[in-house]
Amino acid sequence: MKALPERRLLVRAGQALLTLDLTQIREVSGGADAAALPLCDALDIPPAGPPSAALVVETGGAPVTVAVDAVAGVVEVARADVLALGPHVRLRAPGIVRAVMRVPRPSQWRGASLLPGPAGAVGLPVTATPGEGTTLAADIDPVELGKRLAAITGGA
Amino acid sequence: MARRARTAPPAAGQGRTLMFAAAGLPLGVPLEDLLRVTETVEMLPMPMASTALAGVVESLEGVTPIYDLATLSAPSRGPPPRASTAAGLVALFPHAHGSVGIRVDRLAGLSDAPEALGPDLQKNLVAALPAALQPFITGAATSRGQLFFFFSRDAFLSWVGAARDEPTGT
């Protein structure tokens with residue numbers, strides 16, 4: 001039986017591309033939310049431009065609104081494009097990244113002008129627009145992300 | 001699996017040494033210790049990365065972490081510097097899980113016959129290096145009048161595999 005592809009929300013947080021578990025995302029909205037926690041700060045990723053979208057993320061406790069630089073949309077990733085992360089990749093919280101995914105390089109990033117929100121809940125109506133070739137994204141473990149956001153916001 | 005650090009630099013005539021600069025230091029490594037030197041176009045920075053981890057790239061060996069030695073040689077006071085994620089040269093070493101890379105500032109050629117310096121002089125030169133980099137250095141030599149330090153692949157890979165001891169910052 002052929003394995004089904006993984007579906008993820010592809011976002012840019014600071015200088016990193018991240019794939020997030022769709023079941024963890026309650027809402028996606030365009031525009032910067034001053035009260036939102038920058039995801040690049042929460043995950044200690046080098047910053048880039050100003051945030052242009054906000055995500056409401058389930059944490060196991062109270063949901064947390066995080067800001068991301070941009071949203072590419074939902075991507076489907078074949079199992080062959082899920083690349084294992086070995087222990088030679090030194091992380092301070094090793095469980096936070098569960099794999100590296102080879103994803104279609106988005107040709108369009110959605111931010112404040114392209115994704116007036118709220119755009120929806122689980123099962124986002126936004127599909128990433130694939131460009132040329134592929135690029136890598138860090139696949140974030142939803143449980144570990146929830147724990148970290150809860151710890152930072154005091155919502156544990 | 002941690003490997004034992006080489007205790008002495010390769011002797012003259014034991015093979016060719018690739019000379020390069022990394023973290024602003026002139027370094028040399030036996031060609032046989034290397035997989036290859038390549039140019040990265042883009043690197044994925046990782047969440048919650050160790051200070052020295054610049055990011056990962058996809059290589060022939062799978063997901064390859066790239067480390068920036070410059071972060072280890074920075075002064076200990078103040079916040080740790082971020083590893084550079086800019087495109088550039090990396091030297092890749094074989095590892096049990098694929099390969100591991102370090103950022104390279106520039107290549108400086110090949111040496112067929114490095115001339116070892118006296119033991120005391122080598123000791124003094126190594127002692128003058130940033131403390132965090134000294135474990136990776138096994139000696140000093142010259143080639144065509146240029147000083148360089150022998151970089152120990154085994155000591156570096158042993159450091160990569162060492163226990164995580166950095167705070168998570170929550």
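The values are calculated or read from the model by the stated rules, or taken from the named source; none is laboratory data. Being a predicted model, the structure only gives us computed values, none of them experimental. Cβ: placed from backbone, ideal geometry, glycine included. Neighbour counts: every protein chain shown. Note: accessible area is taken over every heavy atom of the protein model, side chains too, but ligands, DNA and RNA are not part of it. Shrake-Rupley method; radii C 1.70, N 1.55, O 1.52, S 1.80 Å.
Scanning the range B:101-115 for residues that are surrounded by fewer than 17 Cβ atoms within 10 Å (Cβ to Cβ) and part of a loop (DSSP other than H, G, I, E, B) yields B:ASP112, B:ALA113. So for the range A:42-61 (the condition being in a helix (DSSP H, G or I) and open to solvent by 20 Å² or more (accessible area, probe 1.4 Å)), does at least one residue qualify? No - not one qualifying residue is present in the range A:42-61.
The residue of the range B:116-144 that is farthest from B:LEU89 (Cα to Cα), among those that are among the hydrophobic types (A, V, I, L, M, F, W, C) and assigned to a strand (DSSP E or B), is B:ALA116.
Evaluate the range B:71-86: report whether one residue or more is within 19 Å of B:TRP159 (Cβ to Cβ), open to solvent by 30 Å² or more (accessible area, probe 1.4 Å) and at pLDDT 90 or above. No. Restricting attention to the range A:134-155, the residues being within 17 Å of A:VAL56 (Cβ to Cβ) and in a strand (DSSP E or B) number 1. Please verify whether B:GLY98 is under 30 Å from B:LEU60 (Cβ atoms) and more than 13 Å from the chain's Cα centre (by Cα), treating the condition exactly as stated. Against the criterion (under 30 Å from B:LEU60 (Cβ atoms) and more than 13 Å from the chain's Cα centre (by Cα)), B:GLY98 qualifies.
Residues in the range B:83-134 that are of a type in the set (D, E, K, R) and closer than 20 Å to B:MET46 by Cβ: B:ARG103 only. Considering A:THR65, A:THR23, the condition of being in a helix (DSSP H, G or I) and under 15 Å from the mean Cα position of the chain (by Cα) is satisfied by A:THR23 alone. Looking across the range A:26-39, the residues that are open to solvent by 40 Å² or more (accessible area, probe 1.4 Å), at pLDDT 80 or above and outside any strand (DSSP E or B) come down to A:ALA34, A:ALA35. Take the conditions within 14 Å of another protein chain (Cβ to nearest Cβ) and open to solvent by 40 Å² or more (accessible area, probe 1.4 Å) and apply them to B:ALA127. Does it pass? Considered against the rule, which asks whether it is within 14 Å of another protein chain (Cβ to nearest Cβ) and open to solvent by 40 Å² or more (accessible area, probe 1.4 Å), B:ALA127 comes out as no. Any residue in the range A:64-78 that is within 30 Å of B:GLY161 (Cα to Cα) and either among the hydroxyl-bearing types (Ser, Thr, Tyr) or at pLDDT below 85 (or both)? No, because not a single residue in the range A:64-78 is within 30 Å of B:GLY161 (Cα to Cα) and either among the hydroxyl-bearing types (Ser, Thr, Tyr) or at pLDDT below 85 (or both). Taking the range A:62-80 as the range and being within 14 Å of chain B (Cβ to nearest Cβ) and open to solvent by 40 Å² or more (accessible area, probe 1.4 Å) as the test, only A:ALA80 passes. In the condition set (1) in contact with an Asp or Glu (Cβ under 9 Å, 6 or more places away or on another chain); (2) more than 12 Å from chain A (Cβ to nearest Cβ); (3) assigned to a loop (DSSP other than H, G, I, E, B), B:ALA70 is compliant with all but (3).
The number of residues in the range B:145-154 being assigned to a strand (DSSP E or B) and surrounded by 16 or more Cβ atoms within 10 Å (Cβ to Cβ) comes to 4.
Of all residues in the range A:1-16, those that are open to solvent by 10 Å² or more (accessible area, probe 1.4 Å), of a type in the set (A, V, I, L, M, F, W, C) and either under 19 Å from B:VAL57 (Cβ atoms) or modelled with pLDDT of 90 or more (or both) total 0.
Residue-wise test of (1) more than 14 Å from every other protein chain (Cβ to nearest Cβ); (2) open to solvent by 50 Å² or more (accessible area, probe 1.4 Å); (3) touching a Phe, Trp or Tyr at 6+ places or on another chain (Cβ under 9 Å); (4) over 29 Å from A:ASP141 (Cα atoms).
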residue: B:MET43; (1), (2), (3), (4): no, no, no, no
residue: B:ALA54; (1), (2), (3), (4): no, no, yes, no
residue: B:VAL57; (1), (2), (3), (4): no, no, no, no
residue: B:HIS97; (1), (2), (3), (4): no, yes, no, no
residue: B:LEU117; (1), (2), (3), (4): yes, no, no, yes
residue: B:LEU133; (1), (2), (3), (4): yes, no, yes, yes
